[in-house]
Amino acid sequence: MITESTAQRYTLQDPDVRLMLQVRDDDDAQAFEELMLRYQNRMVALLFRLVGRRDLAEDLAQDVFLRVYQARKRYVPGSKFSTWLYTIAHNVAANALRGLSRRKEVNLAPKSSGEFVGNPMDLAAVAASGLMPARQLDKAELREVVKLAVETLNERQRMAVLLNKFEQLSYDEIAEVMQLSAPAVKSLLSRARANLREILQPYLENGKRDRVFGDPGKGGQGDP
């Protein structure tokens, strides 16, 4: 149950919440369009990294925003708007991936597109525990290595990594999106890190410390 004080706090803190309340209360088309402009590209990129097909990612992003609009009258701000939006996106992506898996139409890993979207150094840094590459790899080589590493992650690990590293969500926010506990999110990220290291380790220096996802509750940052 979302309390009135919680709703007021997020309304004051988050301008996107205020836009969504205009959509809820006034059916404000301009406010809804503004939310789409702010999040559509990020949503397509996130879904593309999950399903590996840009056309499907674009269709799923449209489905996400359709669900947001359909749910507008029931909206109560119990978290940041982005957290609520990514929760809907997670459910849409999970349903799509289950459907694809049943039909066995495509390889669900991002390799099906032949493209890795995002900065390859971001995930290389995750796997390297903050270390620098042992040698300077050209961008094409590094991109291919990172793509292979990402393919080792299952759906849940991939979602947790993307939300943490690319969307900068905290452990608690990821837990809300994925309907898990914060310790479960930490465990998911730890296993994802181990999988990434297994692939990327030959390209990276051995290190003495293991600093990857940072303190619980902090989004996308390493330990100080």
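The values are calculated or read from the model by the stated rules, or taken from the named source; none is laboratory data. Since the model is a prediction, treat every value here as computed from it, not as a measurement. Positions of Cβ are generated from backbone atoms using ideal geometry, with glycine treated the same way; all protein chains shown enter the neighbour counts.
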Of the listed residues (M43, M20), the one being part of a helix (DSSP H, G or I) and closer than 27 Å to N154 by Cα is M43
Limited to the range 58-103, what total is found for residues that are of a type in the set (A, V, I, L, M) and closer than 27 Å to D28 by Cβ? 11
Within the range 54-84, restricting to residues that are in a loop (DSSP other than H, G, I, E, B) and under 17 Å from the mean Cα position of the chain (by Cα), the one that is surrounded by the most Cβ atoms within 10 Å (Cβ to Cβ) is S79
Residues of the range 179-190 satisfying the condition of being within 15 Å of the chain's Cα centre (by Cα) and farther than 12 Å from V161 by Cα: Q179, L180
Quick one: would you say S101 is in a loop (DSSP other than H, G, I, E, B), of a type outside the set (K, R) and either at pLDDT 95 or above or not assigned by TED's automatic domain parsing to the domain that holds Y171 (or both)? no
